[in-house]
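Reading through the structure tokens given below for one structure.
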Amino acid sequence: MEPIKTFPRLGTRVDMEAIRAETGVSEIYRMGYNESPMGPSPKVVAAIRMAAAGIGYYPPMGDERLREVMAQTYGRGLTADHFYTSLSGYEAIELVARAYLRPGDEMIICNPTFGIYNKVALLEQATTVDVPLREPDFVPDVDAILKAINSKTRAILLCNPNNPTGTMMPSADFDRLMENISDDVLVIADDVYNHFVTDPDYPDVIKHILAGKNVVRIQTFSKAYGMAGLRMGFGIAKPEIANPVAGIQRGFHNNRINMAAGVAALLDQDHLKANVKMALDGKQYIYDQLDRLDVAYIPSQTNFLIVKFNREVDSLVQSLYQKGILVKKEPLPGIPHSLRVSTTVPAGNEAFIAGVESWLRAEQGSA
Ligand SMILES: Cc1ncc(COP(=O)(O)O)c(C=O)c1O
């Protein structure tokens, strides 16, 4: 018997111990995963320790306490009913898709973007329609999106700022999109990197939520909160959307450890700010050094950036790997030889630059 939906089993394990053994390097810098290298707040770790003793009992069925703290943290008149919690930002998107997509529906996405959106749609027997990012600035093309909307369009998924380009849709474009779509199209704003944005022109999605628009803002604890290993996310939307999305969740959806960790993380915004500062300082250092080396890059609104080279980068990825520096090869339209590089601790950023510099020297020597 064949399953109705088939996807390859996921299994690209990154085994740090195996990398240490293979390379002989003890300090591995994970610059390919868009994480925060300082990790969680010590208060989160303490809360997890406390909660661990209670895992013999089912957690509370509801997540009211966590959502109340979310409402306090975001302010602006948002209430606990504007939030739903999820086991990752990824799942926050999946829950919306499960609640809103029907077989045959279309969801507009703007490639190159985060790779999971297609699978999320296919699981609901819907499809994605690609309205590519404008080149060379890699920003969504609002006119093209509006033109692509038809009777099957049910959702528009915008990743802002976008992974992997690090680029951002400005607020005027987002506002224009929200003003020009009909009531039966839902905008999913995947804003998981929002904490790293410094451009004042970043769209105010919450303004649209409070105005009663059909928009869901996707958030995660994986990035600026430094908690990727815990798999926690949430969404923000008007209660008419957040409540049915939350209703999809199974009973005892959140475990005790996640709920305690989420509350502690939200209450320690200083730690989040420290994670953001480390990412922004690291990004500035990488920009300055790439300028010095005359290597191009895409200025980014996230904790990672695209670095552009003018020749094949396999040997660079390999030589960085041998030094314990993990980066992601990320070919983009018009930029065939590029890497996506996440910022990390200062020593890692420096090791990355040193690795690039010695590779460039060796390449120039062999040219
Ligand atoms: C754009 C974007 N959205 C969502 C996620 C999902 O994050 P998580 O499932 O770790 O919350 C990621 C993770 O890299 C991402 O880059």
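Please give the length that would be gained between Q322 and T79 if that part of the chain were fully extended, namely 0.36 nm times their separation in residues minus their C-alpha to C-alpha distance (nm, one decimal).
Answer, rounded to one decimal: 82.5 nm.
How much of the calculated P(r) for segment 42-268 lies past 32 Å, in percent of all Cα pairs?
17
Could you work out how far helix 171-180 tilts from the main Cα principal axis of the chain, as a 0 to 90 degree angle to the nearest 10?
It is inclined by approximately 40 degrees.
For a paramagnetic label modelled at 7 Å from the Cα of R65 toward its Cβ, which residues of segment 258-298 fall within the zone defined by backbone nitrogen distances under 17 Å?
The answer is 258-268.
How high is the FRET efficiency between Q269 and D137 when r is their beta carbon distance and R₀ equals 35 Å, given to the nearest 0.05?
E between Q269 and D137, to the nearest 0.05, is 0.65.
Residues in segment 297-311, backbone N under 20 Å from the label point at Y287 (7 Å along the Cα-to-beta-carbon vector): list them, ranges by number please.
The answer is 297-309, whose backbone nitrogens lie closer than 20 Å to the label point.
Mind checking which aspartates and glutamates have their Cα closer than 16 Å to the Cα of K119? Skip sequence neighbours fewer than 8 apart in that chain.
Here the aspartates and glutamates satisfying the reach criterion relative to K119 are E91, E94, D105, E106, D130, D190.
According to a simple spin-label model (label point 7 Å from Cα along Cα-to-Cβ), what is the distance in nm between A144 and L280?
3.1
Could you work out the longest stretch of the chain that avoids the trypsin sites (Lys or Arg not before Pro) located in DSSP loops with at most 10 other Cβ atoms within 10 Å?
14-249
By how many degrees, 0 to 90 and rounded to 10, does the Cα axis of helix 42-52 deviate from the longest principal axis of the chain?
For helix 42-52, the angle is close to 50 degrees.
Pop a pseudo-label 7 angstrom from the Cα along the beta-carbon direction at both D15 and R49 and give the gap in nm to one decimal.
Taking the two extended label points, one gets 3.1 nm.
Spin-label point model (7 Å from Cα, Cβ direction): what's the R231 to L122 distance in nm?
The modelled label-to-label distance comes out at 2.0 nm.
Compute, for the chain, the length of the dipole vector about the Cα centre, with Cβ point charges of +1 (Lys, Arg) and -1 (Asp, Glu) only. Units Debye, rounded to 20.
880
Among Y225, Y202, Y74, which one moves the most in a GNM of the chain with springs linking Cα atoms closer than 10 Å?
Y74
Can you find, among L123, T153, G104, the residue sitting farthest towards the positive end of the charge dipole of the chain, where Lys and Arg contribute +1 and Asp and Glu -1 at Cβ?
L123
Taking K and R as +1 and D and E as -1, what net charge do the other residues with C-beta under 14 Å from the C-beta of I306 add up to?
Taking every other residue near I306 into account, the sum is +2.
With a cut-off of at most 15 other beta carbons within 10 Å, and DSSP calling the residue loop, which GluC sites (Glu not before Pro) in segment 26-76 qualify? Please list them.
E27
Rule-based calculations on the coordinates, nothing more; no lab input. Keep in mind it's a predicted model, so treat the numbers as computed, not measured. So basically every Cβ, Gly included, is an ideal-geometry build from the backbone, and we count neighbours across all protein chains shown.
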